[in-house]
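K.L.:
I'd like to ask you about the structure that follows.
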Amino acid sequence: MLDYDIQIVGGRIGKEPAQKPGRSKQDYSTPVSFLAAVEKRFGPIDFDLSAHSGNNVAARYYSPDDDSLKQDWTLPGVRVAWLNPPFADIEPWAARCYECRALPRWTLLLVPASIGANWFYEHVVRAAMVFGLNPRLSFDGKNPYPKDCLLACFGFNACGFDVWRWR
């Protein structure tokens, strides 16, 4: 059963699910089937930019102890860098990906498709090739994530938008 907050929208009373900031799990692993599709399209993932030993997708990764946002992301020799960051605050992660847009490699950012968010407008639009993902991903292996997700692909100065039927 969902908790609801009453919201008045346009003079009408509506119900919307109550948000529980800070209480949602932020370190789900990326679905294996989606990672297989990513590697088929972009090549093997050489580096995971935000992971821990239980959810890393590459042998080399920045852990919470490394504080990825303070590290060098140029990563010479890396052809594909992966990022499935905590969704609670995407802006600093998108900003760092934006800095990678001209590198001769892919920096792949998996996040909710929040196209009205400031981070999307400031750091993704016109800076990355953006793929809307179809079908929706399931991070817990049981239920589809309640929002659409996107894969923003930074590198090679590529930009644009398409829908990727990844399965």
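The values are calculated or read from the model by the stated rules, or taken from the named source; none is laboratory data. All figures in this text were calculated on a predicted structure; none of them were measured in a lab. FYI the Cβ positions are ideal-geometry reconstructions off the backbone, even for glycines, and counts take in every protein chain you see.
K.L.:
Being touching a strand residue (DSSP E or B) at 6+ places or on another chain (Cβ under 8 Å), at pLDDT 95 or above and either over 28 Å from K142 (Cβ atoms) or among the basic types (K, R) (or both) is true for just one of L49, L69, L103. Which residue is that?
P.N.:
Working: L49 fails: either over 28 Å from K142 (Cβ atoms) or among the basic types (K, R) (or both); L69 fails: touching a strand residue (DSSP E or B) at 6+ places or on another chain (Cβ under 8 Å).
Going through L49, L69, L103 in turn, just one is touching a strand residue (DSSP E or B) at 6+ places or on another chain (Cβ under 8 Å), at pLDDT 95 or above and either over 28 Å from K142 (Cβ atoms) or among the basic types (K, R) (or both): L103.
K.L.:
Criterion first (out of contact with any His (no Cβ under 9 Å at 6 or more places or on another chain), modelled with pLDDT of 95 or more, within 26 Å of A59 (Cβ to Cβ) and among the hydrophobic types (A, V, I, L, M, F, W, C)) does A81 satisfy it? It would help to see each step written out before you state the result.
P.N.:
Numbers: out of contact with any His (no Cβ under 9 Å at 6 or more places or on another chain): yes; modelled with pLDDT of 95 or more: yes; within 26 Å of A59 (Cβ to Cβ): yes; among the hydrophobic types (A, V, I, L, M, F, W, C): yes.
Against the criterion (out of contact with any His (no Cβ under 9 Å at 6 or more places or on another chain), modelled with pLDDT of 95 or more, within 26 Å of A59 (Cβ to Cβ) and among the hydrophobic types (A, V, I, L, M, F, W, C)), A81 qualifies.
K.L.:
Taking the stretch 56-78 on its own, how many of its residues are polar (S, T, N, Q) and surrounded by 15 or more Cβ atoms within 10 Å (Cβ to Cβ)? Can you show your working first?
P.N.:
Residues of the stretch 56-78 that are polar (S, T, N, Q), as a first pass: 56, 63, 68, 71, 74.
This time we only want the ones that are surrounded by 15 or more Cβ atoms within 10 Å (Cβ to Cβ), so: 56, 68.
Of the residues in that region, 2 qualify.
K.L.:
Is it fair to say K25 is assigned to a loop (DSSP other than H, G, I, E, B) and either among the aromatic types (F, W, Y) or at pLDDT below 90 (or both)?
P.N.:
Working: assigned to a loop (DSSP other than H, G, I, E, B): yes; either among the aromatic types (F, W, Y) or at pLDDT below 90 (or both): yes.
Yes, satisfied.
K.L.:
Being within 23 Å of F156 (Cα to Cα) and touching a residue at least 40 places away in the same chain (Cβ under 8 Å) is true for just one of L137, L108. Which residue is that? Write out each step before concluding.
P.N.:
Numbers: L137 fails: within 23 Å of F156 (Cα to Cα).
After applying the criteria, what remains is L108.
K.L.:
Tally the residues that are in contact (Cβ under 8 Å) with a residue 24 or more places away in the chain and either closer than 17 Å to F156 by Cα or of a type in the set (D, E) (or both), restricting the search to the stretch 84-105.
P.N.:
Here is the first cut: in the stretch 84-105, the residues in contact (Cβ under 8 Å) with a residue 24 or more places away in the chain are 84-88, 90-91, 93-105.
The next check asks that each one be either closer than 17 Å to F156 by Cα or of a type in the set (D, E) (or both); those that pass are 91, 94-105.
Counting residues in the stretch 84-105 that are in contact (Cβ under 8 Å) with a residue 24 or more places away in the chain and either closer than 17 Å to F156 by Cα or of a type in the set (D, E) (or both) gives 13.
K.L.:
A further question on this structure: It is to be established whether one or more residues within the stretch 111-118 are surrounded by 13 or more Cβ atoms within 10 Å (Cβ to Cβ), at pLDDT 95 or above and touching a Ser or Thr at 6+ places or on another chain (Cβ under 8 Å).
P.N.:
Checking the stretch 111-118: not a single residue is surrounded by 13 or more Cβ atoms within 10 Å (Cβ to Cβ), at pLDDT 95 or above and touching a Ser or Thr at 6+ places or on another chain (Cβ under 8 Å).
K.L.:
Then there's this: Being buried (at least 20 other Cβ atoms within 10 Å of the Cβ) and over 15 Å from the mean Cα position of the chain (by Cα) is true for just one of G141, G155. Which residue is that?
P.N.:
Just one listed residue meets the conditions, G155.
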